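In what follows, a single structure is set out as structure tokens and then discussed.
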Amino acid sequence: MKRMISGALLILLMTAISFGCQAMTEEAGAKQGTAYYVAANGNDKHPGTKQKPFRTLKKAASIAKAGTTVYMRGGTYKERLIVRHSGTKKAPVVFQAYGKEKPVISGASLKGNQADGGLVKIDQKSYITLKGLTVGHIKTNQEDVTPIGIFITGSGKGVKLLNNRVYDIQTTHQNGNAHGIAVYGTKAPAAIEDIEIKGNTVEKLKLGFSEALVLNGNVKKFRVTHNTVRHTDNIGIDLIGFENVAPSKKYDQVRNGVVSRNKVYEITSVGNPAYGKDISAGGIYVDGGKDIVIDHNISHHNDLGIEVTSEHKGKMAERIRIEHNQVYLNRYTGISIGGYDKKRGGTINTTISHNILYKNDTAGLEGGQLLMQYQSVNNRITNNIMTASASHYLVVNLYEVNKKNTFQKNVYDDRKGAKASQWVWRGKWLEGYKTYRSKSGQDKGSAHLNPQFVNEKKYDFRLKASSPAKKIIGS
């Protein structure tokens, strides 16, 4: 005799089969490279297709596993994006703008402690890509709240930030901190590594004691390239060590990376509640990093163009290569190495070569074009062109302890003439290029001359075909 199934039981079975099939389809789709969509007018009960997108980033992130691309439609998302799953090297998890649309992740509705941490957060995740997103509108007036646009932390590999805009991140407390993009390697020995930060715009930030784009702690094998960092009230790009971010001192240092072809400008600490009237914000700053290349960047109208040192006594920034950068019209100095006082560390085994240092020291603070502060030791300065500002200071080497530094094949340029140029060598003031050469014993193969730039008014620092500087520094 056949056993009859009740109508209610039949409905329950059909519902279970339908749900199971849907779950299997989603799981299989993710493994094959699924695309999901999210839109401000979507619904989280939708399947996440282009025609029926999800509503929230929370929903999209919950199912975005290896091989998944989440396309964000234009509009404002008043929530955080917390990345939940890692990708793989061949199948990353991708969150990106759809076409030319402009999705905005906004923290405007976050209040009090809700403003602490990243609007976008990647914690202990690998192989994640964020592309074409706008992140901003988050602020605090509380000392113990740190707003951050995009925050990568813990350890992990293969994170890429591509062509995003991060702006309007603010702290207004006099002891406050904020970041635009922050990468904090907080684990050891596992690092945050193989990181690419490319083509982003980071702007209009109020940072307190902190930085616009920062790598700190156990971070290695990184590339920070083709970004624009501007209009902030503290450091532009910062590479930090020795702040106890990583749990092991052995690994607590940003290292083995490249900072290249970035544009950094209009960075000043003047008016920042944490600094008052101090002129102290660097465009590009290495604070305790090592084995880093800084090349082909443009840094202008900042407090300092490029600064390399360590703020921690007994610790050094080392093996930094500062090459082929254009550094001009910065307020205090063009390039600075060494600690800013005797309680700090210094800079060793660093090369400064083939840079254009043009009319920095615009505030007349006697920082010159190249400033050598405390414990600048065993560095090589070669094949640079330095043009003095109205202060006439070119090289300012402040301390007797600054030893084993080598200068050669540089071009110096004071438009009032070689005799008008000002110098400081190991704490002693010198006037005139010949006097500097005689007293320092430096700059074999160097010369004082007009380098003949193609168009100074437009900051085109290519050399004219007739330039005599080519014979000194090479073409």
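Collect the residues in region 331-345 that are buried (at least 22 other Cβ atoms within 10 Å of the Cβ) and either without any contact (Cβ under 8 Å) to a residue 40 or more places away in the chain or not charged (D, E, K, R) (or both), keeping them in residue-number order.
Tyr332, Thr333, Gly334, Ile335, Ser336, Ile337, Gly338, Gly339, Gly345 - these are the residues of region 331-345 that are buried (at least 22 other Cβ atoms within 10 Å of the Cβ) and either without any contact (Cβ under 8 Å) to a residue 40 or more places away in the chain or not charged (D, E, K, R) (or both).
Determine which member of the set Val224, Val258 is open to solvent by 10 Å² or more (accessible area, probe 1.4 Å), among the hydrophobic types (A, V, I, L, M, F, W, C), modelled with pLDDT of 95 or more and part of a strand (DSSP E or B).
Every option except Val258 fails the conditions.
Scan region 291-330 for residues that are of a type in the set (D, E, K, R), open to solvent by 50 Å² or more (accessible area, probe 1.4 Å) and within 17 Å of the chain's Cα centre (by Cα) and jot them down.
Of everything in region 291-330, just one residue is of a type in the set (D, E, K, R), open to solvent by 50 Å² or more (accessible area, probe 1.4 Å) and within 17 Å of the chain's Cα centre (by Cα), namely Arg321.
Arg437 - would you say it is within 20 Å of Val327 (Cα to Cα) and either of a type in the set (D, E, K, R) or part of a loop (DSSP other than H, G, I, E, B) (or both)?
No, not satisfied.
Residues that are open to solvent by less than 10 Å² (accessible area, probe 1.4 Å): which strands (runs of 3 or more DSSP E) entirely in region 138-177 hold 2 or more of them?
147-154, 165-171
State all residues of region 380-430 that are charged (D, E, K, R) and within 19 Å of Gly305 (Cα to Cα); if no residue qualifies, say none.
Those that are charged (D, E, K, R) and within 19 Å of Gly305 (Cα to Cα): Arg380, Asp413.
Just to verify a result, which residue in region 399-418, among those that are of a type in the set (Lys, Arg) and under 18 Å from Ser438 (Cα atoms), is most open to solvent (accessible area, probe 1.4 Å)?
Per the criteria, the residue is Lys404.
Given the structure, is Ile348 touching a residue at least 60 places away in the same chain (Cβ under 8 Å), among the β-branched types (Val, Ile, Thr) and over 15 Å from Tyr285 (Cβ atoms)?
Against the criterion (touching a residue at least 60 places away in the same chain (Cβ under 8 Å), among the β-branched types (Val, Ile, Thr) and over 15 Å from Tyr285 (Cβ atoms)), Ile348 does not qualify.
Inside region 361-381, can you point out the residues that are within 21 Å of Lys343 (Cβ to Cβ), among the aliphatic types (A, V, I, L, M) and part of a loop (DSSP other than H, G, I, E, B)?
If the condition is that a residue be within 21 Å of Lys343 (Cβ to Cβ), among the aliphatic types (A, V, I, L, M) and part of a loop (DSSP other than H, G, I, E, B), then Leu365 is the only one that fits.
For the subset of region 440-457 comprising residues that are among the aliphatic types (A, V, I, L, M) and assigned to a strand (DSSP E or B), which member is surrounded by the most Cβ atoms within 10 Å (Cβ to Cβ)?
Ala447
Determine which member of the set Lys277, Lys250, Lys290, Lys263 is within 20 Å of Gly334 (Cβ to Cβ) and among the basic types (Lys, Arg).
The match here is Lys263.
May I ask you to verify whether Asp287 is within 13 Å of the chain's Cα centre (by Cα) and not in a loop (DSSP other than H, G, I, E, B)?
Considered against the rule, which asks whether it is within 13 Å of the chain's Cα centre (by Cα) and not in a loop (DSSP other than H, G, I, E, B), Asp287 comes out as yes.
Would you please name the residue that is nearest to Tyr167 (Cα to Cα), looking only at residues in region 90-115 that are touching a residue at least 40 places away in the same chain (Cβ under 8 Å) and in a loop (DSSP other than H, G, I, E, B)?
Ranking the candidates gives Gly107 first.
State which residue is farthest from Val135 (Cα to Cα) when the search covers only region 188-203 and only residues that are open to solvent by 10 Å² or more (accessible area, probe 1.4 Å) and in contact (Cβ under 8 Å) with a residue 60 or more places away in the chain.
Going through the qualifying residues, I end up with Pro189.
For region 94-107, what are the residues that are over 16 Å from Val202 (Cβ atoms) and buried (at least 22 other Cβ atoms within 10 Å of the Cβ)?
The answer is Phe95, Pro103.
State yes or no: is Asn402 in contact (Cβ under 8 Å) with a residue 40 or more places away in the chain and either within 20 Å of Tyr328 (Cα to Cα) or in contact with a Phe, Trp or Tyr (Cβ under 6 Å, 6 or more places away or on another chain) (or both)?
In short, no.
Considering (1) open to solvent by 10 Å² or more (accessible area, probe 1.4 Å); (2) in a loop (DSSP other than H, G, I, E, B); (3) in contact (Cβ under 8 Å) with a residue 24 or more places away in the chain; (4) over 25 Å from Tyr459 (Cα atoms), say which one Ile279 fails and leave the rest.
Result: Ile279 passes all but (4).
Between Tyr285, Tyr251, which is at pLDDT 95 or above and either farther than 26 Å from Ser389 by Cα or surrounded by fewer than 24 Cβ atoms within 10 Å (Cβ to Cβ) (or both)?
Tyr251
Identify all residues within region 108-127 that are open to solvent by 30 Å² or more (accessible area, probe 1.4 Å) and closer than 30 Å to Lys89 by Cα; write none if there are none.
The answer is Lys121, Asp123, Gln124, Lys125, Tyr127.
Quick check on my filter: what residues within region 347-360 are open to solvent by less than 20 Å² (accessible area, probe 1.4 Å), in a loop (DSSP other than H, G, I, E, B) and not hydroxyl-bearing (Ser, Thr, Tyr)?
Scanning region 347-360 gives Asn355, Asn360.
Does region 380-398 contain at least one residue that is open to solvent by 40 Å² or more (accessible area, probe 1.4 Å), under 18 Å from Ile322 (Cα atoms) and out of contact with any helix residue (DSSP H, G or I) (no Cβ under 7 Å at 6 or more places or on another chain)?
Yes: one or more hits.
Among the listed residues Lys409, Lys403, Lys416, Lys434, identify the single one that is of a type in the set (D, E, K, R), over 35 Å from the mean Cα position of the chain (by Cα) and within 30 Å of Gly346 (Cα to Cα).
That would be Lys434, the only listed residue that is of a type in the set (D, E, K, R), over 35 Å from the mean Cα position of the chain (by Cα) and within 30 Å of Gly346 (Cα to Cα).
The values are calculated or read from the model by the stated rules, or taken from the named source; none is laboratory data. Since this is a predicted model, take the numbers as computed values, not measurements. Because the Cβ atoms are built from the backbone with ideal geometry, glycine has one as well, and the counts that use them run over all protein chains shown. Each accessible area value is taken on the protein alone, full model and side chains, heavy atoms only, with ligands, DNA and RNA left out. Shrake-Rupley method; radii C 1.70, N 1.55, O 1.52, S 1.80 Å.
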